[in-house]
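A short reminder: the numbers here are calculations on the coordinates, not readings from a lab. If you're wondering where the values come from, they're calculated on a predicted model, not measured in any experiment. We place every Cβ from the backbone using ideal geometry, glycine too, and count neighbours over all the protein chains shown.
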Amino acid sequence: MRTRWRARHVLAHQNGGHALLRDGEVVWENDVIVHVGGRYEGPVDTEVDLGDSLVMPGLIDLDALTDIDHLVLDSWHGPAMGGGLQWSQDYFGHRRHDVFTPDERRIVREYALAQLALHGITTYMPIASEVHSSWAEPYDELVAMAETSRRIGLRGYLGPAYRSGVNVALPDGGRDVAFDEERGRAGLRDAVRFLDHLDRLADPLLTGVLLPCRIETLTAELLRETADIAKRRDVLVRLHALQGALERDVVERLHGTTPIQLIEDTGLFGTRLLIPHTVLVDRHPSVHGEDRGDLERLARAGVSVVHCPLTSLRYGSVLHSFGAYRAAGVNLCLGSDSFPPDLVRGMDVGVHLAKIVDDRFDAAPAEHYVEAATLGGARALGRADLGRLEPGAQADLVAFDLGDIRDGVQDDPVRTFLLSGTARQATHSVVAGRPVLVDRALPGIDLPALRRQAQGLFDKMRAAYGERDVMRRDADTLFPPTFPDFRIQA
């Protein structure tokens, strides 16, 4: 089966990097690209003329939200409400439970994966909140999500998240981590069982990975076992670390060392390691404010930093800086981590935050962010056949419509798209040569029904915050509206 896409702009790959092709064509046979260039003279079975569009490699999201977003609830609160967004010690010890049923969790995953596809993401590594679970992610839930991912057609790097402890709010207003180490060990056993499940499934679009949670919620023992299994089975590890001051304080108190040293001491630097966020390194003003070698350590260990600029901004943090990480040789890739899973908006935010941090307009050019969303993600995954449009690469590609007058006038199509556009302009995508997004729709997915179901589940999730709150405040108290409700009396 041979398919041809034709478009005004094609982000092709040439001489080791991306190159912009005008009035170009991409042709693939089955799952492999066979032509990127001008007019293709051979026979094709299907062709699509995309007109004034930008065709580019499918976006790679390595901290991809596969949940109903909680950032809308917890990114704007003040200190008085902060304790209501964590588990209380009492909830941890006596009352913790799953807010959603397994069937509701299946709907949540379908909703989230549909959102990824609608925003032009073709490859993802999931992230979900544990705040509404009884502990972390159960094995059966990931088995179900794998089937949903196969049905939609995305390329997924999957595994159940696991942890030894959970961040809790204390009655005196402080924070701590409460541990249940046996649950952590059971979670790792389930993660290994899931690796075996995907091995048996033998679906080329699904790859098993190890996804331990935040570093402060993991014992050194669990980190070492993770490293040992990853080396033995040659699988990727993603560990959330170097995120903030609370994490650093907890790790130093529990382990007597810094988070980056704990990662090295437990053997994780010897794995194929991805670290989302990675904001709090020595260059950060709240640490030392100067380079003392952290970036060189990350680069030497081959760590990939999963940069989530839009989410970082919303929680008030930023890399110091994108250009410095890149210059140090750290592989940068991108993640969304929250809603919307819009890496185009994320790239635009990242470009402009870098200008502020480095005090220069060219601190992080648009092309460097596009490379992170494509080639950087492919390097993190060890996949030279992803993130590029060239013969021999996998046919993972996406088309964004550039023909809307609201996007303004156009200079360079990539730079203008990042400045004025959004990933909601995705119209078509294919993964391994198979259509996923077709004319802005997902065949076989009832999007209006998913939207209604997701809203109901969000309302259920929101209401459950009150039972976890250390002060037992209800959700309407924890999450007051921006403005008072105004209702006209009948």
(request) Quick one: which residues, 5+ away or cross-chain, put their amide H under 5 Å from the amide H of A64? H built at 1.01 Å from N. (result) M125, I127, S336, D337
(request) Give a residue-ordered list of calculated ³J(HN,Hα) values for region 297-304 (Karplus: 6.51 cos²θ - 1.76 cosθ + 1.60, θ = phi - 60°; whole Hz; x for Gly, Pro). (result) 5, 5, 5, 5, 7, x, 6, 9
(request) Output ³J(HN,Hα) for region 436-445: one whole-Hz value per residue in order, computed from phi by the Karplus curve 6.51 cos²θ - 1.76 cosθ + 1.60 with θ = phi - 60°, and x for Gly and Pro. (result) 10, 9, 10, 6, 6, 10, 10, x, x, 10
(request) May I ask you to order 309-318, 122-131 by the average number of other C-beta atoms within 10 Å around their residues, highest value first? (result) 122-131, 309-318
(request) Mind pulling the angle between the C-alpha long axis of helix 102-118 and the longest principal axis of the chain? Nearest 10 degrees, somewhere in 0 to 90. (result) 40
(message) Quick check: the angle from helix 139-152's long axis to the longest principal axis of the chain, C-alpha only, nearest 10 degrees?
(response) 20
(request) With both partners inside region 59-386, how many of the DSSP beta bridges are antiparallel, as a percent to the nearest 5? (result) 15
(message) Going by average Cβ density within 10 Å per residue, which order do the peptides 475-483, 342-350, 136-144 take, highest to lowest?
(response) 342-350, 136-144, 475-483
(message) List the residues, sorted by chain then number, that are 5 or more residues from E47 or on another chain and whose placed amide H is less than 5 Å from its amide H.
(response) R4
(request) Pull out a ≥ b ≥ c, the square roots of the eigenvalues of the alpha-carbon gyration tensor of region 59-386, then state rounded if a/c is under 1.5, prolate if not and a/b is larger than b/c, and oblate in the remaining case. (result) rounded
(request) Can you tell me the 0 to 90 degree angle between the C-alpha axis of helix 245-255 and the longest principal axis of the chain, rounded to 10? (result) 60
(request) Hey, can you grab everything whose amide H is under 5 Å from the amide H of N331? Only 5+ residues off in sequence or another chain; H modelled, so Pro and N-termini drop out. (result) V305
(request) Would you mind putting 448-460, 96-108, 264-276 in packing order, based on average other-beta-carbon counts within 10 Å, highest first? (result) 264-276, 96-108, 448-460
